[in-house]
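This report concerns only the one structure given below.
Quick note: the coordinates plus some simple rules give every number you see, no bench work behind them. Computed from a predicted structure; not experimentally measured. Neighbour counts are summed over all protein chains in view; Cβ atoms, including those assigned to glycine, are modelled from backbone coordinates with ideal geometry.
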Amino acid sequence: MDHQPFENWLLDNQPLTTDQKRQLNTHLRTCSSCAALAEVNLALKSVRVAAPAAGFADRFQVRLVAKKQALRRRNFWGFVVLTLSVLGLFGWVSWPVLKDLIQSPVNLLASWISSLVSFWASLQAIFRAGMVLFKVVPGFVPAYIWAVILFAAGGWSLVWVVSLMKFTKYPQGV
Amino acid sequence: MTDETTWIIQAQQGDDEAFTNLVETYQKPVYNLCYRMLGEPEAAEDAAQETFLKVYQNLARYDRERSFATWLLSIAAHHCIDKLRRRRFNSFSIDEDEEGQTDLPDRSAPDPESETAKRQERERLHNCLQSLDPTDRAAVIMRYWQDCSEVEIAQTLKLTVPAVKSRLHRARRALADLWEEKPAHVRTERKPYGSPAF
């Protein structure tokens with residue numbers, strides 16, 4: 001059986017003319033498929049909203065309190081596990097140093113002081129070498145090279161500033 | 001500023017009493033959506049409660065430019081769709097469906113027989129509804145039980161408006177086919193433990 005245009009009329013919920021209504025009624029008497037669609041339409045239009053049992057908000061409050069307690073417990077145990085893990089990892093990594101410190105603290109302190117002194121001496125040597133280069137190199141480099149270097153550095157800085165401004169701008173009117 | 005907006009702002013600042021006001025205002029539409037989606041009062045109660053908990057936890061992320069009802073129903077609908085997907089092979093017990101519900105015949109109604117017939121029709125529709133695809137079911141519930149527009153349904157279910165229209169057409173056609181298959185007087189036998197294997 002041809003269900004068109006009756007099925008579309010029923011599905012589109014458009015207002016029908018008197019003639020269309022008459023045609024539809026005639027079709028519905030002979031077509032069980034379209035009659036079922038019309039019945040479903042009617043049933044859907046007379047639906048009733050189901051309500052929860054009384055005290056829904058009170059039961060929600062109880063559940064919310066339980067959830068908050070569970071969350072607090074989880075956070076507490078999470079913190080404990082994290083702290084113990086960090087302490088354990090720190091102990092494991094620093095155990096060789098700690099062992100030396102416990103067994104011979106004087107030797108360990110002497111080796112630390114020696115390392116600090118050598119580090120300071122290296123820094124001083126690098127600084128002196130840098131000062132010498134700073135005094136000597138300008139004499140070898142022509143003035144126009146300096147101009148090019150300064151110009152390139154200025155351009156590079158400008159690109160950075162513009163990029164930062166572009167990417168950090170807060171979008172407006174979205 | 002409406003009461004709802006005030007409660008939302010207060011709840012976002014940590015006022016539980018304001019949030020309870022929101023729960024009281026929206027408990028019925030949320031519960032109804034969950035009940036029609038899941039088919040069982042207990043599951044619906046649990047889903048509705050979970051929905052409000054999710055809303056409570058994510059309230060800071062709520063954009064006040066959007067409709068609160070749409071946002072809330074969107075959370076409820078997606079929660080139910082997820083639940084249905086997880087328990088795809090479970091079937092619903094028709095006898096249990098109406099337990100504890102308010103859809104009982106109205107004794108004060110002038111015609112108790114007609115009330116009973118109406119109730120049976122509602123049960124029949126409710127049973128047919130359970131056979132639909134979860135997203136189609138959500139669209140039908142929002143359209144007919146919540147009176148949502150197609151635009152609101154599209155926003156809630158994250159679909160386009162033409163997709164909502166197409167889903168509503170398809171769902172109603174499927175409901176009509178089921179309606180034809182399941183006459184009003186035929187009641188499906190309760191399946192123990194909800195499994196076809198029993």
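Odds and ends about this structure:
- Inter-chain Cβ neighbour average for residues A:30-38, partner chain, 10 Å: 3
- Sorted largest first, the spans of the alpha carbon positions of the protein assembly as shown along the three principal axes are 108, 63, 49 Å.
- Taking a Cβ cut-off of under 11 Å around A:Asp12, the surrounding Lys, Arg, Asp and Glu residues balance to a net charge of +1, with basic ones at +1 and acidic ones at -1.
- Helix-derived mean residue ellipticity, 222 nm - over the protein assembly as shown, DSSP H n ≥ 4, -39500 (n - 2.57), to 500: -25000 deg cm²/dmol
- Shape of the stretch A:6-45, Cα gyration tensor, a/c cut at 1.5: oblate
- Electrostatic bookkeeping for B:Ile153 treats Lys and Arg as +1 and Asp and Glu as -1; over the other residues with beta carbon under 9 Å from its beta carbon, the sum is 0.
- With neighbour counts taken as other beta-carbon atoms within 10 Å, the residues B:Asp3, B:Asp177 rank, fewest first, as B:Asp3, B:Asp177.
- Cross-link table A:Lys68/B:Lys28; A:Lys67/B:Lys83; A:Lys68/B:Lys54, entries beyond 18 Å C-alpha to C-alpha: A:Lys68/B:Lys28; A:Lys67/B:Lys83
- Global geometry of chain A, whether rounded, prolate or oblate, following the gyration tensor of its Cα atoms and the 1.5 cut on a/c: oblate
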